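Working notes, beginning with the structure itself.
The values are calculated or read from the model by the stated rules, or taken from the named source; none is laboratory data. Just so it is clear, the structure is predicted and the values come from calculations on it, not from any experiment. When we count neighbours, we look across all protein chains shown, and the Cβ atoms used for this are built from the backbone with ideal geometry, even at glycine.
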Amino acid sequence: MYHVSKAYVAGAFALQDVSLDVSRGEFVFLTGASGAGKTTLLQLLFAAERPSEGQIVVLGRNIARLRGSAVPALRRRVGVVFQDFKLLRQRTVEENVGVTLDVVGMPRREVRAKVFTMLKQVGLQHRRYHHPVSLSGGEQQRVAIARALVGEPEILLADEPTGNLDPDLSVEIMDLMMSAAMRGTAVLVATHDVGLIERYHKRKLHLDAGRLVEDGPAAGRTE
Amino acid sequence: MRRVAVILAILVRSALRGMQSSAVASGIAVATIAIALLLIGAFALVVVNMQGLLDRFGQDLQITAYLEEGLSKAEQSLLAERVSTVEVVGRVRLISKQQALERFRATRGGAALLEGLEGNPLPASLDISLLSERRTPEGLGILNKALDGLPGIAEVAHGQEWIEGYARAASLARVSGYALGAVLALATLLIVSNTIRLGLYAREDELEILALVGASRTFVRAPFLLEGTLQGAIGGVLALGVLWAGFHLLVPQLQYGLAFFLGNTEPRFFAVAESLKLISGGAGLGLLGSLAALMAWRS
């Protein structure tokens, strides 16, 4: 990201002059108060929004100049965990996770095998035929994480991925994302969870009123 | 290739799921298409049968030229020969007075009518067939003109006016069918389009999620096009089924009335190709309706 600003209304910046660089395999926490611009920053990275100013290069593609028809191909390489989960209510857990693989035309048998392995990793294999409405908030969050990870993305963006999880489960999910980073995925996690940030001692980007005010290791820091 | 098949299977599943999730709206769309196609199909069936009768008239078209009394056999043969040289004529057969009498006697009730008559009241005649490619009103016109100038011809009978009137009626039925079809197709398009649009709005969240995980525009939209096409095809099959049942139930009851319109021609149902046209017409209507809905949704 090079000097990126985003204004939804002229003059009112959600992000202002943000520059940062995240490498493959890097694990980064994104912190800041509500409204600081964390979600906007993540949305810019998977082309859900376009920058008002500046350039964003994701996986070699310039988001500011990306054609609409090229967006799906980019998104297939980026896994996203949304704060509100964004699960398909009328589909089963298995189908929700598999949708990431369906859109690339993966044969059904392969999809089912991959989804089962993924659900096992998030501890939900026994719930694969259930619908999201019958799951707890934490379980729904784990489905969202499984969906983001099952396609083995090159970038993983997670917006408060442990917000509805108990501490033990939060650690398990973070470990899962950490292992994705170890396999080469660049992971960017927006979170308020100070405990997690301190536990993992990873790079932390801190946003304040749309500006990047801190970029450095998290060790020993508190918010 | 395999990937295309996999994606196609996913899209079909998604379309079926869409129909299932909005079963009532889909049912209404299917019923609307079926009713529209039923009316269009009924008109088409009438036109097809009228056209069939016209075609048969064309094939059987035979003109009879009655000869004046008192012509010698040689004069009659000469007349037949001259008629056979007219450019539109295929075959000429001379029927003598005696042959005409025998022929009439052989018809039902003919012998009874001839009883009590003295002598042979029937004239000799020429049975004239046109060349198959000249069996048209123009061909008939050329023959009439040629016969008009020939001495020895008393009267010509061919039922041309009746055929032309019937052809006009068939053409009117066809044009009315097109007009009715256009109005019904438009109404059906609107209903299908609105049904699909309701489905689009109801599933907006789902479509957003699909787009967020990297689904292409085609992947998101194709199930709706398939859904509309499928609804149309089902409507077409239903319409065809009802028409078929109606045809086989009603035709025996209406045989005397139909005989008035169709003469001895046996009423027929649609051939396989015509049936497929009706079904694909329904599918086409469904496809157009969903295309219209998608265009409106985008705007």
Subject >> Residue, farthest from B:Leu294 (Cα to Cα), within region B:230-260, restricted to residues that are in contact with a Ser or Thr (Cβ under 8 Å, 6 or more places away or on another chain) and crowded, with 22+ Cβ neighbours inside 10 Å >> reply: B:Leu240
Original post:
Mind checking whether some residue in region B:21-33 is part of a helix (DSSP H, G or I), within 14 Å of another protein chain (Cβ to nearest Cβ) and polar (S, T, N, Q)?
Top reply: yes
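The rows are residues; the columns are (1) over 19 Å from B:Glu274 (Cα atoms); (2) in the same structural domain as B:Phe43 (by TED's automatic domain parsing); (3) not hydrophobic (A, V, I, L, M, F, W, C).
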position: B:Gly181; (1), (2), (3): no, yes, yes
position: B:Ala187; (1), (2), (3): yes, yes, no
position: B:Asn194; (1), (2), (3): yes, yes, yes
position: B:Arg197; (1), (2), (3): yes, yes, yes
position: B:Glu206; (1), (2), (3): yes, yes, yes
position: B:Pro223; (1), (2), (3): yes, yes, yes
position: B:Gly246; (1), (2), (3): no, yes, yes
position: B:Gln255; (1), (2), (3): yes, yes, yes
Original post:
Is at least one residue of region A:107-117 farther than 26 Å from A:Ser170 by Cβ, facing chain B (nearest Cβ under 8 Å), without any contact (Cβ under 8 Å) to a residue 24 or more places away in the chain and part of a loop (DSSP other than H, G, I, E, B)?
Top reply: yes
Subject >> All positions within region A:202-223 that are modelled with pLDDT under 60 and part of a strand (DSSP E or B) >> reply: none
Subject >> Among the candidates B:Glu155, B:Glu102, B:Glu118, B:Glu138, residue that is under 17 Å from B:Gln62 (Cα atoms), without any contact (Cβ under 8 Å) to a residue 12 or more places away in the chain and among the acidic types (Asp, Glu) >> reply: B:Glu138
**OP:** Return yes or no: is B:Leu225 more than 14 Å from every other protein chain (Cβ to nearest Cβ) and under 13 Å from B:Ala15 (Cβ atoms)?
**Re:** yes
Original post:
Mind checking which residues of region B:243-279 are modelled with pLDDT of 85 or more and part of a loop (DSSP other than H, G, I, E, B)?
Top reply: B:Arg268, B:Phe269, B:Phe270, B:Ala271
**OP:** Within region A:11-19, identify whether any single residue is hydrophobic (A, V, I, L, M, F, W, C), in the same structural domain as A:Thr191 (by TED's automatic domain parsing) and surrounded by fewer than 19 Cβ atoms within 10 Å (Cβ to Cβ), and answer yes or no.
**Re:** yes
Subject >> Qualifying positions in region A:11-42 - out of contact with any strand residue (DSSP E or B) (no Cβ under 8 Å at 6 or more places or on another chain) and farther than 16 Å from A:Leu205 by Cα >> reply: A:Gly11, A:Ala12
Original post:
What about A:Asp215, is it of a type in the set (Asp, Glu), farther than 26 Å from A:Arg76 by Cα and either buried (at least 21 other Cβ atoms within 10 Å of the Cβ) or in contact (Cβ under 8 Å) with a residue 60 or more places away in the chain (or both)?
Top reply: yes
Original post:
Residues in region B:165-179: is at least one surrounded by fewer than 17 Cβ atoms within 10 Å (Cβ to Cβ), farther than 30 Å from B:Phe43 by Cα and within 33 Å of the chain's Cα centre (by Cα)?
Top reply: no
**OP:** Could you tell me whether region A:131-144 includes any residue that is surrounded by 23 or more Cβ atoms within 10 Å (Cβ to Cβ), touching a residue at least 12 places away in the same chain (Cβ under 8 Å), not assigned by TED's automatic domain parsing to the domain that holds A:Met1 and not hydrophobic (A, V, I, L, M, F, W, C)?
**Re:** yes
**OP:** Of the numbered conditions (1) under 20 Å from the mean Cα position of the chain (by Cα); (2) part of a loop (DSSP other than H, G, I, E, B); (3) surrounded by 18 or more Cβ atoms within 10 Å (Cβ to Cβ), A:Leu44 fails exactly one; give the number of that condition.
**Re:** (2)
Original post:
Among the residues of region B:212-229, is there at least one that is over 30 Å from B:Trp297 (Cα atoms), in contact (Cβ under 8 Å) with a residue 60 or more places away in the chain and among the hydroxyl-bearing types (Ser, Thr, Tyr)?
Top reply: no
Subject >> Residue satisfying all of: in region A:71-93; surrounded by fewer than 22 Cβ atoms within 10 Å (Cβ to Cβ) and more than 10 Å from every other protein chain (Cβ to nearest Cβ); modelled with the highest pLDDT among these >> reply: A:Thr92
Subject >> Residue among A:Gly32, A:Gly60 that is out of contact with any helix residue (DSSP H, G or I) (no Cβ under 6 Å at 6 or more places or on another chain), assigned by TED's automatic domain parsing to the domain that holds A:Asp215 and at pLDDT below 95 >> reply: A:Gly60
Subject >> Verdict on A:Gly195 being in a loop (DSSP other than H, G, I, E, B) and in the same structural domain as A:Lys38 (by TED's automatic domain parsing) >> reply: no
Original post:
With B:Gly41, B:Gly18, B:Gly90 as the choices, which residue is within 14 Å of chain A (Cβ to nearest Cβ) and either buried (at least 16 other Cβ atoms within 10 Å of the Cβ) or in contact (Cβ under 8 Å) with a residue 24 or more places away in the chain (or both)?
Top reply: B:Gly18
**OP:** Only residues that are surrounded by fewer than 21 Cβ atoms within 10 Å (Cβ to Cβ), under 20 Å from A:Ala70 (Cα atoms) and not hydrophobic (A, V, I, L, M, F, W, C): list them for region B:182-222, please.
**Re:** B:Glu208, B:Ser216, B:Arg217, B:Thr218, B:Arg221
